[in-house]
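Taking it in order: structure first as structure tokens, then the write-up.
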Amino acid sequence: GADRVEFMKDVDGIHSADPKLIPTAKIIDKLSFEEALEMMGCGAKILQAPAVEMAAEHGVTLAVGNSKTGVAGTIVTDKPLVRQTLTSVHVTEQVDCLTDLQPDAFYRLLDTIRDCGLSPLMSFHHENTCAVTLRPGEARYLSANSCEVDRSLDLVTLIGPGVTSNNDMARAIRALYTEFKSSIVAMTATSTRISLLMKDRHAKSFAEKAHELCLRSPKTGRTLPPT
């Protein structure tokens, strides 16, 4: 079978952020399958998840590039990435946040979400209750009329193999957290992803400052030319 599949689109590759939101967005030279799937989980429309999952299963390299130039700007691969960086920053505005859930209702709701073919952007415990965050408008697909839906919050997601493991990166993100602490409602973290639910419309400012860390990360891509 093929060891490389190319996806040619109307962009030069996969961006480190939405260039309409963050003009300094850049093309990422190389991504792991895990990072690509994390980005799609945040709503980034870069590839189809089944295609990435199948490529990961069979060890097929994916290339994403511009159909006009024929140049593939981003390679998605299963080869381990040696860099420890922040790869991309994502903002989802006015998410559907289902709040004030007791634990039993929380787990029933997660089952319902899966049955509807949806994937939570974030789930967390807040004080003595739980909450689930979905993409804007997705709560209407659930038979969860008894749940309170808060649509006043925005979600910022930071993705990369160094968001928690790289000491310098973790220190810089911690400083950002301190600066915006009064606007952060909740935060969750894994080895490759940090998600922050924010109020008061400060998500864009946080994302812009976080993306500066992408630009300072070594060998993560090339800056887009000014438009």
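No value in this document is a laboratory result; all are computed from the given coordinates. Worth saying up front: this structure is predicted, and the values here are computed from it rather than measured. A quick note on method: Cβ atoms are made from the backbone with ideal geometry, for glycine too, and the neighbour counts reach across all protein chains shown.
Using each residue's phi in the range 11-23, evaluate 6.51 cos²θ - 1.76 cosθ + 1.60 at θ = phi - 60° and report the 3J(HN,Hα) Karplus result to the nearest Hz, with x for Gly and Pro.
Per residue, the Karplus-derived 3J(HN,Hα) values read 10, 7, x, 8, 8, 7, 6, 6, x, 6, 8, 10, x Hz.
With charges only on Cβ, +1 for K and R and -1 for D and E, what is the dipole size of the range 94-179 about its Cα centre, in debye, rounded to 20?
So the dipole magnitude of the range 94-179 works out to roughly 240 debye.
With a 10 Å Cβ neighbour count serving as the proxy for reagent exposure, in which order, fewest first, do CYS116, CYS147 appear?
CYS116, CYS147
Any idea what log10 I(q)/I(0) is at q = 0.11, 0.16, 0.26 Å⁻¹ for the range 4-82, Debye with uniform C-alpha scatterers and no solvent?
-0.25, -0.54, -1.36
Which of these, SER32, SER16, SER165, has the largest mean-square fluctuation under a Gaussian network model of the chain (Cα springs below 10 Å)?
SER165
Given a Förster radius of 41 Å and the C-beta distance between VAL5 and ARG140 as r, what FRET efficiency does 1/(1 + (r/R0)^6) yield to the nearest 0.05?
0.70
For the chain, what does -39500 (n - 2.57) per DSSP helix run (n ≥ 4), summed and divided by total residues, give at 222 nm, in deg cm²/dmol to the nearest 500?
-8000 deg cm²/dmol, from helical runs alone.
If R₀ is 30 angstrom, what is the calculated FRET efficiency for the pair THR129 and THR190, using the beta carbon separation as r and rounding to 0.05?
0.85
Looking at the range 30-82, which trypsin sites (Lys or Arg not before Pro) are in a loop (DSSP not H, G, I, E or B) and have at most 13 other Cβ atoms within 10 Å? Provide the component values of the computation, followed by the final result.
Working: sites: LYS30, LYS45, LYS68; in loops: LYS45, LYS68.
The qualifying sites are LYS45, LYS68.
On a 0 to 90° scale, report how tilted helix 49-58 is relative to the longest principal axis of the chain, with both axes built from alpha carbons and the result rounded to the nearest 10.
Between the helix axis and the principal axis of the chain, the angle is about 60 degrees.
Report, in degrees rounded to the nearest 10, the 0 to 90 angle that the Cα long axis of helix 103-115 makes with the longest principal axis of the chain.
Roughly 40 degrees between the two axes.
Working from the pairwise distances between different alpha carbons, so that the mean of 1/r is found and then inverted, what is the chain's Kirkwood radius in Å?
This gives a value of 18.4 Å.
Run the dipole for the range 154-216 about the Cα centre, Lys and Arg Cβ at +1, Asp and Glu Cβ at -1, nothing else charged, and hand back the magnitude in debye, nearest 20.
60
Strictly greater than 23 Å: what percent of every Cα pair in the range 30-139 meets that?
Values: 2646 of 5995 pairs.
The answer is 44 percent, as a whole percent.
If I model a spin label at GLU148 and LYS79 as a point 7 Å from the Cα along the Cα→Cβ vector, what separation in nanometres do I get?
Spacing of the two 7 Å Cα→Cβ label points: 5.2 nm.
Any idea how far the Cα center of the range 136-189 sits from the one of the range 1-47, in Å?
21
At a Förster distance of 22 Å, what's the computed FRET efficiency of LEU110 paired with MET54, Cβ-Cβ distance as r, to 0.05?
On the way: r = 26 Å, r/R0 = 1.18.
E between LEU110 and MET54, to the nearest 0.05, is 0.25.
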